[in-house]
Structures are given as C-alpha cells and as structure tokens.
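Report on the following structure.
The values are calculated or read from the model by the stated rules, or taken from the named source; none is laboratory data. On a predicted model such as this, the values are computed, not experimentally measured, just so you know. Cβ placement follows ideal geometry from the backbone for every residue including glycine, while neighbour counts extend to all protein chains displayed. Protein only, heavy atoms only, side chains kept; ligands, DNA and RNA dropped before computing areas. Shrake-Rupley method; radii C 1.70, N 1.55, O 1.52, S 1.80 Å.
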Amino acid sequence: MVSIDKSLCTGCGQCAANCAVHALVREEDGTYRCNKMFCFRCGQCVALCPTGAASMPDLEAPVEYEPEKFDLDPAVLLNAMRFRRSVRRFTGEKVTREELDRLLEAGRCAPTSSNTQSVRFTVLDREFEALRPQIWESFADWARRENRKLLLRRYESYRAAPDQPDTLFYGANQLLVVTSRYQIDGCLALANIELMAHAMGLGALYCGFASWAISAAPALREYFGITDRQQLCGCLILGRTNLKFRRTAPRNPANVEWR
Ligand SMILES: Cc1cc2nc3c(=O)[nH]c(=O)nc-3n(C[C@H](O)[C@H](O)[C@H](O)COP(=O)(O)O)c2cc1C
Ligand code: SF4
Ligand code: SF4
C-alpha cells in the first residue's frame, strides 16, 4: 500500500503523471492519494517523489540515489557482460551464506511481469548431496527415453565414480533452482544472479540438464514446488572456481534486422 504524507506532499503531480495505472488521485486540497484498487505496487511513485512524501510502509526503506554508489560506466558493464563465462570447474568450496544473500538480492531486483514478484529461489545446499543421485537418475531416465546415447555416457561415468566431479555439476555442491509464475521473470532474475556471480569472482553455470531432470521426475517437481502456476525457469550451479579466463570468447555477430 502506498501512503502519501500530506505534510510533505507539494502537489507537484510527478507521481501521478508517471503512474502506469493511474492509481494516484488528486485530492481537493491539492495533495495526492493512492487508490489501492488500481495500484500494482511497482514503487515508482516512492522512487520519484521529490520530497519523500510517498512511501510503502509495509516494505523495506528505499535507498537514496547517490551517483558514486549507483552509476555504472557502460563500457565496463559491457566488458563485464562480455567476460562473463560459464564455469565447468569448481573447487568444491562452498559459496558462503553472505555471498548467497548478495546473489539473491541481485535476483530480487530483476523486473517481473506486471510486478508479480512471484519468483521463488530454492538454494539446494544442505540437501544437495542427498538429491544429486536422484537428479542423475532422472536425467538418465530422460536420456534413455530420448535415446540420447552420448548423454547416457555422462551418467555411466558418474556411476563409475560417484564421488568424483561429474558432468552435471562439475564438482560444485550448491544449486539454485528458480521457479516463477511466468518463466521470463525467473530467467531475468537468473541473468542478474549469473552476472553478479561473475562480478563477485564466483563460478556459475546454467544447468539445462538439471532442469530437464527435475522437470521429468514428479518427486523432484514436488520437492521444488513446481506446478502449472509456478513454473521451473532454470537451474544455476554456483561455486568457487580457480579457472582464469584471459580474454573474451568469440561470438557470432548479432542477428539483427533493422526495419
Ligand atoms: C539455459 C541454459 C542452459 C544451459 N545448460 C547447460 C548444461 O546443462 N551444461 C553445461 O555444461 N552448460 C550449459 N549451459 C551453458 C552454455 O553451454 C553456455 O552458455 C554457452 O556454451 C556459451 O558459453 P558462455 O556462457 O561461457 O558464454 C547452458 C546455458 C543456458 C543459457
Ligand atoms: S510526487 Fe510526491 S510531492 Fe509530488 S504530488 Fe506526488 S506525492 Fe506529492
Ligand atoms: S506504486 Fe506504482 S502503481 Fe502504485 S501508485 Fe505508485 S506508481 Fe502507481
């Protein structure tokens, strides 16, 4: 709920002019109030109000803008995006709880369709080792059904040395599973998290194989709370790495049509 402090509201109308759903109504005394029937709690009026009159008291306090804390050099940002890599060699040392909190914060900041904010993060950490065989078995069932012989070989290698780093998790032992009402919302959160992991010097790898394995097994779907209304968006392996990339990896040119 947006609350507007009448003693601070100057009636400038900036909040109302920007509100996507016209939820801010001008009162007779020239101040504004929020019609909560329309408001979808995007928080933009709070972020915009020049006097701090608008607030959402049931949520966290906003952080005031300071250029030196908030502005990014676009060239550096682009380089960070170019230099981010999928990591397939993990040391086995865990990402700390503090680091995980920071990664999840990056995910929480991502935009969501109609501000639904339905993204759910499951950090498979304590129960990772207990679940790893189940994920592998479901992966193997799926590969057999699809007759994916090369992928089945990965499973056989895992079975031959289950205590060694495998070709699903590459020695990592933390997996972030993201679900959401709308898949794109979870994907956007994952993209933020992967880039943040890179900025923090951590290793990350999207694991489509784990997603297939989880989707294919009713017990795993239940474990991660996947339903028709809470879809699996992706799995991101997290861990520490000693891999040192020295340059960017070549990419195809962008496939763009200018019309
Ligand atoms: C949705 C998605 C699923 C992926 N699944 C896997 C996977 O299961 N195993 C793997 O080794 N890499 C996986 N990758 C990593 C891609 O192979 C990788 O992004 C691509 O080769 C480009 O390399 P880069 O990320 O270093 O730029 C996945 C990437 C995406 C975006
Ligand atoms: S932007 Fe702030 S000060 Fe201006 S009308 Fe809205 S609540 Fe009042
Ligand atoms: S929170 Fe968003 S939708 Fe609600 S009144 Fe403010 S700007 Fe409008």
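Largest GNM mean-square fluctuation among MET37, MET200, MET56, using the chain with Cα springs under 10 Å: MET37.
Just subtract the alpha-carbon distance of GLU28 and THR227 from 0.36 nm times their residue separation and send over the number in nm, one decimal.
Details: separation 199, 0.36 × 199 = 71.64 nm, distance 4.77 nm.
Value of the extension gain: 66.9 nm.
Taking ARG85, ARG247, ARG159 as the candidate residues, the one with maximal mean-square fluctuation in a Gaussian network model of the chain, Cα springs under 10 Å, is ARG247. Once both labels are positioned 7 Å from their Cα atoms along Cα-to-Cβ, the gap between CYS109 and ASP163 label points is 4.2 nm. Placing a label point 7 Å from the Cα of GLU129 along the Cα-to-Cβ direction, the residues of segment 202-246 with a backbone N closer than 20 Å are 237-241.
Only lysines eight or more places from LYS36 in sequence, or on another chain, were considered; those with a Cα closer than 21 Å are LYS6. For THR122 and GLU156, what is the calculated FRET efficiency with R₀ set at 45 Å and r taken between the beta-carbons, to the nearest 0.05? It comes to 0.95. Remark: segment 101-217 carries 50 Å² of accessible area per residue (probe radius 1.4 Å; ligands, DNA and RNA excluded). When the charge dipole of the chain is built from unit charges on Cβ atoms (+1 for Lys and Arg, -1 for Asp and Glu) and taken about the Cα centre, the candidate among LEU151, HIS198, VAL95 whose Cα reaches farthest toward its positive end is LEU151. A straight Cα-to-Cα reach below 12 Å connects LYS149 with the aspartates and glutamates ASP141, residues fewer than 8 places away in its own chain not being considered. Between 0 and 90 degrees, the angle of helix 74-83 with respect to the longest Cα principal axis of the chain falls at about 20 degrees. Please give the direction-averaged projected area of the C-alpha convex hull for segment 3-55, in square nanometres with one decimal. Taking a quarter of the hull surface, the average projection is 3.1 nm². Expressed as a whole percent, the accessible area of the chain that falls on carbon and sulfur atoms is 52 (1.4 Å probe). Extension gain, ARG41 to ARG251: 0.36 nm times the residue separation minus the Cα-Cα distance gives 71.7 nm. Oblate is the label for segment 77-121. Its Cα gyration tensor axes, ordered a ≥ b ≥ c, give a/c of at least 1.5 and b/c at or above a/b.
Per the Cα gyration tensor, segment 79-181 maps to an equivalent ellipsoid with semi-axes of 28, 18, 15 Å, ordered largest to smallest.
Taking 25 °C and 0.890 mPa s as the conditions, I'd like the Stokes-Einstein D for the chain in µm²/s, using the Kirkwood hydrodynamic radius from alpha carbon pairs. Write down the numbers at each step before the final one.
Details: Rh = 21.3 Å.
Diffusion coefficient, whole number: 115 µm²/s.
Within a Cβ distance under 13 Å of ARG251, other residues only, what is the Lys/Arg minus Asp/Glu net charge?
Charge balance in the 13 Å sphere: +4.
Each Lys and Arg adds +1 at its Cβ and each Asp and Glu adds -1 at its Cβ; summed about the Cα centre, the chain shows a dipole of about 1320 debye. Per residue of the chain, the DSSP helices (runs of n ≥ 4 H) give a summed -39500 (n - 2.57) that works out to -11000 deg cm²/dmol at 222 nm.
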